[in-house]
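The values are calculated or read from the model by the stated rules, or taken from the named source; none is laboratory data. All values derive from a computational prediction rather than experimental measurement. Using ideal geometry, Cβ is built from the backbone for each residue, glycine included, and neighbour counts are taken over all protein chains shown. Quick note on the areas: whole protein, heavy atoms, side chains included, nothing else; ligands and nucleic acids left out. Shrake-Rupley method; radii C 1.70, N 1.55, O 1.52, S 1.80 Å.
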Amino acid sequence: MKIVKGAAIAIAALLIAGSIGLATWEPFFARTSEAPEYREYSAEIVRDEFGVPMIYGDTDADVAYGVAIAHAQDDFFTLQDVAAMSKGRYAAIAGQDGATFDYVYHLLDARGTAERKFKTLPDDTRALFEAYAAGLNQYAANNPDEVKLAKLFPVNGEDIAAGFVLRQPFFYGLGNVIGPLVEGEELRREFGEDIPGFPRDGDAPDGSAPDDEASADGQAHRGGLVLPWGEEADHLGSNAWAVTPQRSGGPTTLISNAHQPLRGGVAWYELGVQSGEGWHFTGANFPGSPFPFLGHNENLGWTNTVNRPDMTDVYQLEMSEDGTQYELDGEWLDLGVKDVTLPVKFGPLTLPISRTIYRSVHGPVIKNDNGYFAIRFGGMDTVDQLDAYYRLNKATNLEEWQTQVARMAIPSTNFIYADREGNIAYVYNAAIPDRPELDEVQANWRGILPGNRSDLIWEGPVNYAEIPKLINPATGWLYNANNEPFTAAGEGSDLDPADFSPVLGIERKQTNRSRRAFMLLSEAGQLDRAALETIKYDTAYVREGYVDDLFDALEVMDAAAWPDPQIIEARDLLLTWDFTADNVGAADSLALLMIRDYMSAEYNNGEAPDVKEHLQKAVDHLNEHFGQIDPPMSDLLRLRQGDVDLPLDGGSDTLRASTTWVVDDDGRLSLVHGDSFIQWTEWPTDGGRVTSRSIQPFGAATTRPGSPHYTDQMQIYVDHGLKPVRFWEEDVRAAATSTQVFTNAR
């Protein structure tokens, strides 16, 4: 018995030791970074009455150091997630969902690209990123109790660059290719005519997941794979407008209305920057960026909306019998093979999960039950966007600004531009692959290309001259709402799609938002502030496309045959709807629940829901949680953060975008993305200073419940209001509620 007891103790000890090992191994084996070479930085962070920081410094690098500290003060929680993604360690924080991020990090060789390319950037750009990394490191060192993951810090400029490499391709839909390939599903593409066996895939313009699943940080789930930044980040939707002084009757106007997740790694963070080297800009960035991605300086501004050109090509490789080589132009080349370890957290343990990464001369390779598939995508193997965004921040006129966009360094997103001189512009920006126009393969660029032909392996993007763009159209206005570039400026000013090669793969889709915006802008006379506010907060639907399909189905529905008699009542109520999600009509709640899945079906080229089953689901939900089928929509759709719980208007794919939600335990729909950052900028014609107003759904400190700026913008947001942007230094200091100076001086 003593032997048995001793053996049991030994086994228990081994199990305990093993558990401790599994719980603690990851930091010891994780890739560590060298801290940036020491340089002294000093930044002043001045916060206004809403806690929005303006960061001052003598040099641009000083400011970037301060940007990191200011953002960490407000949301170090999310910044750490982004840092972990940039090192391939996110699964050690987020578990199985994070493992997908880490797999794609290795698949795309985000680290290798950063290591090869970061050193080629101009000195001042690299200095900006090293300074930003130094700020994150200092905050982490000063606040060790907030650090989630051991040995996550220090980070350096290459780490920050790797994060850019990882994220950018998913904004134009790379996840729609990687996801199905990993799962071995049919590959869906979305441009031009359907290819037999490969149905088109389009996303809902506001990013709603087709299975109606979305996590709180805006990740969409499809085919069992949580895609990096997901469908939600790829196609969250956005609206943008620019109006000339002639049409506004006053200032040149730029309206930025981006639809991102309200929380998480691609949620907007508002800030301003000003240095002694001439960098003076206000707008918003994503966690992990030292500069704003959109906003304005003294002379000009721009905003972005997601576009969907065909930026990815897929090649099926001809493999040798042993799977070690692939054929190219009659020669056999070795397939690149690399084994990687993903640190995946399961409860208290972090397990080492092995994966094999493949690569060919085409690019990353995914192996599934159907074979080996290489992918090649626009913007791969470059970090030049880091420099281009920085230069855009400091551009002083249209020519300088357009010079930076024309580099084709920023892989995707539409640009809507305006400036103090009264210029407006729209650029369908995309580093579209410079594909050869070969008749025998032209129709198959959207399909699976033969991997044994080197003439199909393109190099770099098309020239800037080849992509759609409009500057100062005769109508005096421009807009985009994630629609095709051929409806942007109105009749007589719009581009002709026949002027652009089909090989470019330019999207040909409309959204309800684009239909409404085009109609309202075309019908308007003077587009002054009041008229533009009416358009921006419009909650109406056009009975076209998926909306028409839904109501056609309701009109012919045989409700009498359905077992629940309330279905007839619900159907009849819906047929009285006024097609506005404005919290006024009795049918608004039913319509809100019904429309989204029909929208998703149209944009994903899928089958529309069975109208009776879908209606039954909506009726059951409303009865269960509200005891009636016609509760006020304001009771159903809510903006919630902490203890604040407010009613919302708008819907999926309306210009007032209340796009995607999660269903809370009480049956309410809690908004997770939609109108996420609005900035309204005006340049007066009399030569006066630029002014702007803005709003965010919650506040400046989205993950700091103890902060007064955790929820202080919510009521203004719900009321369709805007707060002042403090851009000019005298305004900043007059409204200052706190001033802090940070330095890393030894």
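Within the stretch 506-552, can you find the residues that are open to solvent by 40 Å² or more (accessible area, probe 1.4 Å), part of a helix (DSSP H, G or I) and touching a residue at least 60 places away in the same chain (Cβ under 8 Å)? Break it down stepwise before answering.
Taking the stretch 506-552 as the starting set, the residues that turn out to be open to solvent by 40 Å² or more (accessible area, probe 1.4 Å) are 508-510, 515, 518-519, 522-523, 525-526, 528-530, 533-534, 543-544, 548-549, 552.
With part of a helix (DSSP H, G or I) added as a condition, the list becomes 515, 518-519, 522-523, 529-530, 533-534, 548-549, 552.
Passing the criteria: Arg529, Glu533.
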(request) Quick one: Asp719 ticks every box in (1) closer than 24 Å to Thr59 by Cα; (2) free of Cβ contacts under 8 Å to residues at least 24 places away in the same chain except a single one, so which number is it? (result) (1)
(message) Return the residues of the stretch 597-646 that are open to solvent by less than 30 Å² (accessible area, probe 1.4 Å) and outside any helix (DSSP H, G or I); say none if nothing qualifies.
(response) Asn604, Ile629, Pro631, Leu637, Leu639, Gln641, Leu646
(message) Report every pair of residues separated by at least 6 positions or lying on different chains whose Cβ atoms are under 7 Å apart, first residue within the stretch 571-596 and over 22 Å from Thr511 (Cβ atoms), second modelled with pLDDT under 95 and not in a helix (DSSP H, G or I).
(response) Arg571/Met557
(request) Report, ordered by the first and then the second residue, all pairs with beta carbons closer than 7 Å, sequence separation of six or more or different chains, a first member in the stretch 167-185 that is of a type in the set (S, T, N, Q), and a second member that is part of a helix (DSSP H, G or I). (result) Gln168/Gln385
(request) Identify all residues within the stretch 560-581 that are open to solvent by 50 Å² or more (accessible area, probe 1.4 Å), closer than 30 Å to Ala657 by Cβ and assigned to a loop (DSSP other than H, G, I, E, B); write none if there are none. (result) Leu575, Thr576, Asp578
(request) Report, by residue number, each residue of the stretch 339-372 that is touching an Asp or Glu at 6+ places or on another chain (Cβ under 9 Å) and basic (Lys, Arg). (result) Lys345, Arg355, Arg359
(request) Answer with yes or no whether Ala498 is open to solvent by less than 50 Å² (accessible area, probe 1.4 Å) and without any contact (Cβ under 8 Å) to a residue 24 or more places away in the chain. (result) no
(request) Name, by its number, the condition in (1) buried (at least 23 other Cβ atoms within 10 Å of the Cβ); (2) closer than 22 Å to Ala540 by Cβ that does not hold for Trp680. (result) (1)
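From the list Glu440, Glu484, exactly one residue is modelled with pLDDT under 95 and either among the acidic types (Asp, Glu) or touching a strand residue (DSSP E or B) at 6+ places or on another chain (Cβ under 9 Å) (or both). Which is it? Explain how you work it out, then say what you get.
On the way: Glu484 fails: modelled with pLDDT under 95.
The unique qualifying residue is Glu440.
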(request) Confirm whether Thr113 is of a type in the set (S, T, N, Q), closer than 18 Å to Val82 by Cα and open to solvent by less than 20 Å² (accessible area, probe 1.4 Å). (result) yes
(request) Hey, can you tell me all the residues within the stretch 685-707 that are in a loop (DSSP other than H, G, I, E, B), open to solvent by 30 Å² or more (accessible area, probe 1.4 Å), under 28 Å from Leu648 (Cβ atoms) and not hydroxyl-bearing (Ser, Thr, Tyr)? (result) Arg704, Pro705, Gly706
(message) When you scan the stretch 126-134, do you find a residue that is farther than 26 Å from Lys338 by Cβ, free of Cβ contacts under 8 Å to residues at least 12 places away in the same chain and open to solvent by 40 Å² or more (accessible area, probe 1.4 Å), even just one?
(response) no
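Please specify each residue of the stretch 262-287 satisfying the condition of being part of a strand (DSSP E or B), farther than 27 Å from Ala94 by Cβ and not hydrophobic (A, V, I, L, M, F, W, C).
Residues of the stretch 262-287 that are part of a strand (DSSP E or B), as a first pass: 269-275, 280-285.
Narrowing the set further to residues that are farther than 27 Å from Ala94 by Cβ leaves 272-275, 280-283.
Once the filter is applied, which keeps residues that are part of a strand (DSSP E or B), farther than 27 Å from Ala94 by Cβ and not hydrophobic (A, V, I, L, M, F, W, C), the stretch 262-287 yields Gly272, Gln274, Ser275, His280, Thr282, Gly283.
Please note which strands (runs of 3 or more DSSP E) are completely contained in the stretch 355-460 and include at least 3 residues that are within 30 Å of Thr253 (Cα to Cα). Write out each step before concluding.
Numbers: elements: 364-368, 371-377, 414-419, 424-427, 448-450.
Fully inside the stretch 355-460 and qualifying: 414-419, 424-427.
Is there a residue being in a helix (DSSP H, G or I), at pLDDT 50 or above and out of contact with any Pro (no Cβ under 8 Å at 6 or more places or on another chain) anywhere in the stretch 34-41? Steps first, answer last, please.
The initial filter retains those residues of the stretch 34-41 that are in a helix (DSSP H, G or I), namely none.
There is no residue in the stretch 34-41 that is in a helix (DSSP H, G or I), at pLDDT 50 or above and out of contact with any Pro (no Cβ under 8 Å at 6 or more places or on another chain).
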(request) Kindly indicate whether any position in the stretch 288-308 is open to solvent by less than 10 Å² (accessible area, probe 1.4 Å), over 30 Å from Leu128 (Cβ atoms) and assigned to a loop (DSSP other than H, G, I, E, B). (result) no
